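Asker: Got a structure for you, written out below as structure tokens; questions coming shortly.
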Amino acid sequence: MGSKLKVAGWLAIGAVAGALTTMQLQATARSAMSPLPLEDMQQLAAVFDLVKRSYVEPVDEKKLIRDAIGGMVSGLDPHSAYFEGQAFKEFREGISGKFTGVGIQIEMDEGLVKVVSPIEGSPAFRAGMQTGDLITRIDDTMVKGLNMDQAIKRMRGPSGTKVVLTVFRKSENRTFPVTIVREEIKTKSVRSKVVEPGYAWIRINQFQEPTLRDFTEQLREIYQKDPQLKGLVLDLRNDPGGLLDTAVGVSAVFLPRDVVVVSTNGQIPEARSVLKASPMFYSRDGNDLLAGLPAGLKSVPVVVLVNEGSASASEIVAGALRDHKRAVIMGSQTFGKGSVQSEIARLPMPNTSLKITTARYYTPSGQSIQAKGIVPDVLVDETAEGSPFAALRMREADLEKHLGDGTGAAEKKDTAREKAREEALKKLEEARDNKDKAPKLPEYGTPEDFQLQQALNRLKGRPVVASKTQTERKPAEPKAN
């Protein structure tokens, strides 16, 4: 399985990072046209037998098989995963948007628990945990040697109880304890407000099952407060994605009926589809949540804010609105997760599920953004002084075993990004030595939110302070024959 095993999972949190289809693909018997590789299966059986008989102490046969399945799936790409037991329960809770716990998205990285993202407003978020933090100890237990299920069980517990996480923050080169009180959370994935007369801001932080309902309700509230809306900022910064049909529904709010929102292409027929701005592609129960929305939403000027943390479902929305010339995209180049995961829940063993990459998705113009992302129409820094930490954020192209864009092109080494990363690390080192000068990013949606202010300037026809330092991550180059 290699020296690094990454299994993405949700620790009692909200949404699934990435675009997850709502289809339930049925596990079927292997076709006679594609026989099992007998020699390789014999090799697997031989290794299984040797480990069982020769390991230093007795091992659980079922655990060996589970680990083999998990390794097979996680070796495909960073977003495919096998769930069972507690991990399966957490996966299902993540889609529903209801959970009990500390509120972080995690993955296993070199035997440690790595924070992918803290959920806004969660106990972990309030405690100051950050993307990239490594959890080395849970209470008095070392994380090294625990698997995903074991780590999750130790971090979970009754609402109101405390857990002490020992965190190593690589960017600051320090280890420190974080005490978190567990709580039951019903995630609210949408926030909004009328910023000033005529202009509103609405933010989606995850694409979950309740998101489209919450989104349409808050849009109605915005129009009740200000029926003469002149401009709207749709904030998708640091939104890791979620459900594909929810992304289609959000896009359909602003687009003409029946236009293409996104297309998918994969190996099986179910993975090849064209999704349009029509209720049949986003309505779950036959109820069109978009019915009766203010007509002005189809024409009100829109700016979409994105950054390196905007992934998958966020990129679907940004790509659809851009291609149909329905919005101006501002911010930073997005994460570049252009793949779709489907859940295969009908496996022989109960309480198990397979989340597997089944397709790449394409914007209405036919563009794949896999490992590239959406390049904004206007690049804007996070602060007036620049984007101090943007270069340190991981993107799809930085992940091991990530998919290519499907063209067979070879990826080009991004020397500009590597240089920017080195400079950002240097600035961070200097900031740690002088805490008074440490850069702090403003809270989204506040008057200090520089990117939001630039988006409002754009809507008002005023000058925008564009970035002078951001560089586009270049697409892959065709391979030589």
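Asker: Tally Lys/Arg at +1 and Asp/Glu at -1 over every other residue whose Cβ is under 13 Å from the Cβ of Glu61; what's the total?
Answerer: Working: positive: Lys52, Arg53, Lys62, Lys63, Arg66; negative: Asp49, Asp60, Asp67.
Net of charged neighbours comes to +2.
Asker: Apply the a/c threshold of 1.5 to the C-alpha gyration tensor of region 190-240 and tell me whether it is rounded, prolate or oblate. Don't skip to the end; give the middle numbers.
Answerer: On the way: a/c = 3.28, a/b = 1.61, b/c = 2.03.
Oblate is the answer for region 190-240, as a/c is 1.5 or above yet b/c matches or exceeds a/b.
Asker: Sticking with this one: Just grab the label-to-label distance for Arg284 and Arg272, each label 7 Å out from Cα along the Cβ direction, in nm (one decimal).
Answerer: Taking the simple label geometry, Arg284 and Arg272 are separated by 3.0 nm.
Asker: Could you tally the net charge around Val302, taking each other residue with its Cβ under 13 Å from the Cβ of Val302, Lys/Arg +1 and Asp/Glu -1? Walk me through the numbers on the way to the answer.
Answerer: On the way: positive: Lys230, Lys298, Arg322, Lys325, Arg326, Arg458; negative: Asp235, Asp377.
Local charge sum for Val302: +4.
Asker: List, largest first, the extents of the alpha carbons of region 263-376 along their principal axes, each in whole Å.
Answerer: That gives 50, 36, 24 Å along the principal axes, largest extent first.
Asker: Accessible area per residue of region 115-165 at 1.4 Å probe, in Å²?
Answerer: The answer is 48 Å² per residue.
Asker: Hey, another quick one. Step through the residues of region 226-241 one at a time and calculate ³J(HN,Hα) from phi using the Karplus curve (6.51 cos²θ - 1.76 cosθ + 1.60, θ = phi - 60°), rounding each to whole Hz and writing x for Gly and Pro.
Answerer: Karplus values, whole Hz, x for Gly and Pro: 9, x, 9, 5, 9, x, 9, 9, 9, 9, 10, 5, 6, 8, x, x.
Asker: I've got another one for you. Going down the table (Lys144/Lys401; Lys401/Lys468; Lys188/Lys225; Lys372/Lys460; Lys276/Lys298; Lys52/Lys355), which pairs top 26 Å between alpha carbons? Before the final figure, lay out each step's value.
Answerer: Values: Lys144/Lys401 23 Å; Lys401/Lys468 32 Å; Lys188/Lys225 21 Å; Lys372/Lys460 30 Å; Lys276/Lys298 15 Å; Lys52/Lys355 28 Å.
Table pairs above 26 Å Cα-Cα are Lys401/Lys468; Lys372/Lys460; Lys52/Lys355.
Asker: Determine, from the Cβ-Cβ distance of Ile69 and Val259 and an R0 of 41 Å, the FRET efficiency 1/(1 + (r/R0)^6), rounded to the nearest 0.05.
Answerer: That gives a FRET efficiency of 0.50.
Asker: Heavy atoms only, 1.4 Å probe, whole protein assembly: order Phe281, Phe125 by accessible area, highest first. The partial results should precede the final answer.
Answerer: Numbers: Phe281 55, Phe125 100 Å².
Ranked list, largest accessible area first: Phe125, Phe281.
Asker: Separate question: Ordering Lys170, Lys372, Lys188, Lys355 by how much accessible area each has at a 1.4 Å probe, largest first, what is the list?
Answerer: Working: Lys170 160, Lys372 40, Lys188 110, Lys355 15 Å².
So, going from the largest accessible area down, we get Lys170, Lys188, Lys372, Lys355.
Asker: Can you list the HN-Hα couplings for region 259-273, worked out from phi with the Karplus curve (6.51, -1.76, 1.60; θ = phi - 60°), rounded to whole Hz and with x for Gly and Pro?
Answerer: Values per residue, Gly and Pro as x: 6, 5, 9, 7, 10, 10, 8, x, 7, 9, x, 5, 8, 10, 8 Hz.
Asker: For region 294-355, what is the accessible area per residue in Å² when the probe is 1.4 Å? It would help to have the intermediate numbers written out before the result.
Answerer: Values: 1680 Å² over 62 residues.
Result: 27 Å² of accessible area for each residue.
Asker: Tell me the label-point distance for the pair Met349, Lys193, using the 7 Å Cα-to-Cβ offset, in nm and rounded to one decimal.
Answerer: About 4.8 nm, to one decimal.
Asker: In whole Å, how far is the Cα centre of region 313-334 from that of region 190-216?
Answerer: 16
Asker: Could you give the nm distance between label points at Phe176 and Gln130, where each point is 7 Å from its Cα heading toward the beta carbon?
Answerer: 1.0
Asker: Between Val51 and Glu110, what's the calculated FRET efficiency when r is the beta-carbon distance and R0 is 22 Å? Round to 0.05.
Answerer: Details: r = 22 Å, r/R0 = 1.00.
The calculated FRET efficiency here is 0.50.
The values are calculated or read from the model by the stated rules, or taken from the named source; none is laboratory data. Predicted model only: the values in this text are computed from it and were never measured. Neighbour counts run over all protein chains shown; Cβ positions are idealised from the backbone, glycine included. Please note that ligands, DNA and RNA were not included when accessible areas were found on the heavy atoms of the full protein model with its side chains. Shrake-Rupley method; radii C 1.70, N 1.55, O 1.52, S 1.80 Å.
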